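Take a look at the structure set out below.
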Amino acid sequence: MECARSTDFFNGSAVVTLQLFDGTLDRTFCPTFGGTDDFQVISKLVETPTVTPLALHALSLCLLVLCLVFSAASILISLYNSVSNPYQTYMGPIGIYACSSLSACLSVLTLIIFVVNVNVTSMAEDLVKLYADNIPVDLRNKSTEMGLGYYLVIPYTVFCLVAIALIYMYDHAAYTQRKEQQRPTEDAPKEIMMY
């Protein structure tokens, strides 16, 4: 974003780089000479005047943790069912459906919440103003760019959906095979039916 003191023209800039827990603020003449500052995201967001960016960032972190928990549950259920007695499964395909679909939904929700937090709220502006040393600062032309970590959540969502599709196809094939084995004797030859 472009930066200037409230009485000057816009000759400075500020770049805020956010990760899940750490962040970096690079300032050039914003509002003074500037510099590079590293910070902890949660602790700095606590100092900002608005609560919304902190709540949305904490919600994103919690949803990502839940995604990992449901993924681990899906893997453990799959492993248990693959090595257990075939007549005794734990939650069957329903457990994998539930865990994988919850992971996919929560990951999509996390993507949306993070974009809203970065683009709609004044999180970046508030962070720049915290480092302005009580000098009134005007900020404009804010632009955002998502990093690699953000885009890695998309393949995770796709893999969760692929797992649901594979389990559905396997369950459907097993159901079809069971139905064919239980087919009534109307297709059997007449000689067999006489006995």
- [ ] Scan the stretch 63-83 and give yes if some residue there is farther than 30 Å from HIS172 by Cα and loosely packed, with under 15 Cβ neighbours inside 10 Å, otherwise no.
- [x] yes
Open item on the list: Please determine whether any residue of the stretch 85-93 is surrounded by 18 or more Cβ atoms within 10 Å (Cβ to Cβ) and either within 30 Å of ASP38 (Cα to Cα) or modelled with pLDDT of 85 or more (or both).
Closed with: no
TODO: Could you pull out every one of the helices (runs of 4 or more DSSP H) wholly within the stretch 64-170 that has 1 or more residues that are within 30 Å of PRO49 (Cβ to Cβ) and hydrophobic (A, V, I, L, M, F, W, C)?
DONE: 92-119, 123-130
Task: Failed item in (1) under 30 Å from MET1 (Cβ atoms); (2) surrounded by 12 or more Cβ atoms within 10 Å (Cβ to Cβ); (3) over 13 Å from the mean Cα position of the chain (by Cα), with TYR150 passing the rest - done: (3)
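The values are calculated or read from the model by the stated rules, or taken from the named source; none is laboratory data. These numbers were taken from a predicted model, which means no experiment stands behind them. Neighbour counts are summed over all protein chains in view; Cβ atoms, including those assigned to glycine, are modelled from backbone coordinates with ideal geometry.
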